[in-house]
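The values are calculated or read from the model by the stated rules, or taken from the named source; none is laboratory data. This structure is a prediction, so every number in the text was calculated from the model and none was measured. Because the Cβ atoms are built from the backbone with ideal geometry, glycine has one as well, and the counts that use them run over all protein chains shown. In case anyone asks, the SASA skips ligands and DNA or RNA and just uses the protein heavy atoms, side chains included. Shrake-Rupley method; radii C 1.70, N 1.55, O 1.52, S 1.80 Å.
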Amino acid sequence: MDKIEALVHEQLKETPPEFNVGDTVKVYNRITEGQRTRTQIYEGTVIARHGGGISETFKVRRVAYGCGVEKTFPLHSPNVEKVEVVRRGKVRRAKLYYLRDRVGKSSKVKEKI
């Protein structure tokens, strides 16, 4: 087990990004197309965090062209370059799946002041 733990500890990021559920974030995701790599920015609201350790993930939701799109990112993946918090959200629950049914202003999360 020590070899597995050493491998997992080596793959963890030294300073994981600080954000919570309800925050609006910009995720800088590295994408490989053939031999070229580029960085794509995905901006949306964090609706869930799941797991812990090396397998921790977070789900980001945004509305693109009138259609809701959700994407799950591994927190400690080398393809996730950085997570930048745009605004802090004030929420009272851990999973914001109820935002899937909301349209318009009711789908917004209040800002923490």
### Task
Would you kindly find the accessible area of residue 110, with a 1.4 Å probe and non-protein molecules such as ligands, DNA and RNA excluded, rounding to the nearest 10 Å²?
150 Å²
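What net charge is computed for the residues neighbouring residue 27, neighbours being all others with C-beta under 15 Å from the C-beta of residue 27, Lys and Arg scored +1, Asp and Glu -1? Could you put the intermediate results ahead of the total?
Values: positive: 13, 26, 30, 38, 49, 59, 61, 62, 71, 82, 87; negative: 18, 23, 43, 56, 70, 81, 84.
Net local charge, residue 27 excluded: +4.
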### Eligible lysines near residue 82 by straight Cα distance, threshold 27 Å, same-chain separation 8 or greater
13, 26, 59, 71, 90, 95, 108, 110, 112
### Task
Return, for the Cα atoms of the range 1-44, the radius of gyration and Dmax in Å, separated by a comma.
15.2, 38
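Mind checking the dipole of the chain: about its Cα centre, +1 per Lys or Arg Cβ, -1 per Asp or Glu Cβ, Debye to the nearest 20? Intermediate values should be presented prior to the final figure.
Numbers: 24 positive and 14 negative charges, 176 e Å.
Roughly 840 debye, rounded to the nearest 20.
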### Task
Please report, as a whole percent, how much of the solvent-accessible surface of the range 4-113 comes from carbon and sulfur atoms (probe radius 1.4 Å).
49 percent
### Summary
Sorted by accessible surface (1.4 Å probe, heavy atoms of the protein chains only), largest first, 61, 92, 36 come out as 92, 36, 61
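Ratio of alpha-carbon Rg to the 2.2 N^0.38 Å globular estimate for the chain, to two decimals, please. Write out the running numbers ahead of the final one.
Details: Rg = 15.6 Å, N = 113, 2.2 N^0.38 = 13.3 Å.
In units of the globular-protein estimate, the chain measures up at 1.18.
Of 14, 84, which has the most accessible area and how do the rest follow, probe 1.4 Å?
Numbers: 14 170, 84 70 Å².
The ranking, largest first, comes out as 14, 84.
So how do 62, 49 rank on accessible area, 1.4 Å probe, biggest first, that is with the largest at the start? It would help to have the intermediate numbers written out before the result.
Working: 62 85, 49 65 Å².
Highest to lowest solvent-accessible surface, that is 62, 49.
What accessible area per residue comes out for the chain, rounded to a whole number of Å², with a 1.4 Å probe?
Working: 8230 Å² over 113 residues.
Result: 73 Å² per residue.
What number, in percent, do you get for the relative contact order of the chain if the mean sequence gap of Cα pairs under 8 Å and at least 6 apart is divided by its residue count?
RCO, the chain: 28 percent.
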### Per-residue SASA entry for residue 63, accessible area with 1.4 Å probe, Å² rounded to 10
110 Å²
